[in-house]
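Heads up, the thing below is written out as structure tokens.
The values are calculated or read from the model by the stated rules, or taken from the named source; none is laboratory data. All figures in this text were calculated on a predicted structure; none of them were measured in a lab. Every residue, glycine as well, gets a Cβ built from its backbone with ideal geometry; the counts of neighbours run over all protein chains shown. Ligands, DNA and RNA are excluded from the accessible area calculation, which covers all protein heavy atoms including side chains. Shrake-Rupley method; radii C 1.70, N 1.55, O 1.52, S 1.80 Å.
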Amino acid sequence: MGQLVAIVGRPNVGKSTLFNRLTQSRTAIVDPTAGTTRDRQYGKVDWNGREFSIVDTGGWVVNSDDIFEAEINKQVELAIEQADEILFVVDAMNGVTDLDDHVAEILRKSRKPVILVANKVDSNEWVYNVPEFYSLGLGDPYPVSAVNGYGTGDLLDEVVKKLPEKEDEDENLEDIPRFAIVGRPNAGKSSLINAFIGTERHIVTDIAGTTRDSIYTRYTKFGFDFYLVDTAGIRKKNKVNEDIEYYSVIRSIRSIEASDVCILMIDGTRGIEAQDVNIFSLIQRNKKGLVVVVNKWDLVEDKSTAAIKHYEATIRERFAPFTDFPVIFTSALTKQRIFKVLETALEVYANRKRTVPTNQLNTVLQEDIAAYPPPSNKGKFIKIKYITMLKGAQVPTFIFFCNLPQWVKEPYRRYLENKIREHWNFTGTPINVFMREK
């Protein structure tokens with residue numbers, strides 16, 4: 001399973017700017033107004049072959065009248081509880097503040113690996129302020145500038161060095177599917193799990209995973225055989241409010257990374273919301289299989305075929321460009337079509353494992369390429385000579401060998417992917433299409 005790094009610190013120290021720099025994105029909103037970051041931001045970082053997940057948290061504030069800041073404080077506490085490593089960001093321009101001392105005290109007690117990041121070292125003069133942060137008792141402060149990238153390479157070297165070594169889960173688990181049920185709060189995840197498991201607890205066995213956060217519940221009823229992926233955090237209901245949105249995201253990250261196929265629950269009475277799209281993006285970034293389940297369908301008044309088609313079209317529109325996934329309308333409460341969910345998840349798992357012989361690929365796809373060849377570039381024509389499917393890849397991966405791979409643009413890659421899906425069943429699973437020179 002992946003490893004999780006959380007960025008914490010008081011407001012307006014540049015946490016979101018650092019998040020954008022490390023993930024090479026502009027996902028997090030950057031604004032000088034304290035407390036701008038309230039929605040959770042999640043990204044992936046790949047540094048020298050090591051990949052890890054990173055979460056941007058809201059700023060830590062105490063004794064404030066802002067109704068959001070009590071929630072932000074809870075989110076920071078949850079990040080500390082759930083993360084494998086913590087980046088504590090401080091402001092080199094302003095020096096140590098009382099709030100920095102407050103956060104540092106909590107981090108010292110957490111016993112988690114902490115890296116102290118002195119941000120806003122935008123010029124050499126601010127380097128001389130950095131030693132002041134030794135007073136926080138968290139080791140060497142790393143001077144960086146999230147704005148221009150200064151020092152971020154050394155910081156990432158240290159992050160990777162302090163991350164716990166990844167263990168191979170497959171050595172401790174049988175080669176059977178792993179399904180994660182994810183979704184925003186109150187979408188019916190717990191109800192669906194309870195509907196699967198029922199009261200006959202002897203049909204399942206809890207197996208602790210190789211990492212502290214993954215728990216695999218084996219399900220062997222009605223001819224099924226798979227693991228339901230859970231997290232240790234789900235069971236700590238006495239420590240957190242189950243409805244905290246950030247906790248839902250943290251939990252989803254852990255579950256998604258440990259799974260093969262994700263069952264994304266959507267509340268049928270509320271429709272698609274931003275949080276559903278966020279969790280879908282987590283599934284996509286992690287290249288996992290997907291089954292979308294519209295729950296609480298028993299409470300929806302209009303159950304006509306036209307309404308179902310409209311609902312399904314809306315879901316695919318919001319999740320575009322990836323639209324080749326199954327959508328099931330169900331009710332965990334009445335157990336309507338719940339076993340259809342499991343059957344479909346198993347089909348998606350089989351699609352992830354599907355292989356296509358090289359001779360078939362070349363025979364079928366070369367006809368499609370001949371019918372619609374890649375556009376020429378500067379008078380030069382791209383010729384795709386050979387196609388093969390990479391063996392042993394985590395997701396179906398297709399290699400197209402051609403003379404000018406750098407000139408094959410995204411629209412044509414999309415065309416090739418659509419043709420692959422048209423000829424072979426890869427519903428629910430992402431596909432990688434790579435161009436290589438031959």
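Structural remarks
- The number of residues in the range 280-295 being open to solvent by 20 Å² or more (accessible area, probe 1.4 Å) and of a type in the set (D, E, K, R) comes to 2.
- Qualifying residue in the range 299-312 (condition: under 25 Å from residue 417 (Cβ atoms) and modelled with pLDDT of 85 or more): yes
- Residues of the range 159-192 satisfying the condition of being modelled with pLDDT under 80, closer than 16 Å to residue 218 by Cβ and either open to solvent by less than 30 Å² (accessible area, probe 1.4 Å) or of a type in the set (Val, Ile, Thr) (or both): 169, 173
- The range 309-339, residues that are under 19 Å from residue 425 (Cβ atoms) and in contact with a Ser or Thr (Cβ under 7 Å, 6 or more places away or on another chain): 316, 324, 325, 326, 328
- Every residue from the range 389-438 that is among the polar types (S, T, N, Q), open to solvent by 10 Å² or more (accessible area, probe 1.4 Å) and under 25 Å from the mean Cα position of the chain (by Cα): 394, 418, 425, 427, 432
- Condition check for residue 136: closer than 18 Å to residue 85 by Cα and buried (at least 21 other Cβ atoms within 10 Å of the Cβ): no
- Residue in the range 405-412 that is part of a helix (DSSP H, G or I), at pLDDT 90 or above, in contact with a Pro (Cβ under 6 Å, 6 or more places away or on another chain) and not aliphatic (A, V, I, L, M) present: yes
- Residue count for the range 390-412, restricted to those that are of a type in the set (D, E, K, R) and under 24 Å from residue 261 (Cβ atoms): 1
- The range 338-353, residues that are open to solvent by 80 Å² or more (accessible area, probe 1.4 Å) and either modelled with pLDDT of 95 or more or farther than 18 Å from residue 284 by Cα (or both): 340, 343, 347
- Within the range 300-337, the residues that satisfy the criterion of being under 14 Å from residue 280 (Cβ atoms) and free of Cβ contacts under 8 Å to residues at least 24 places away in the same chain are 316, 317, 320, 323.
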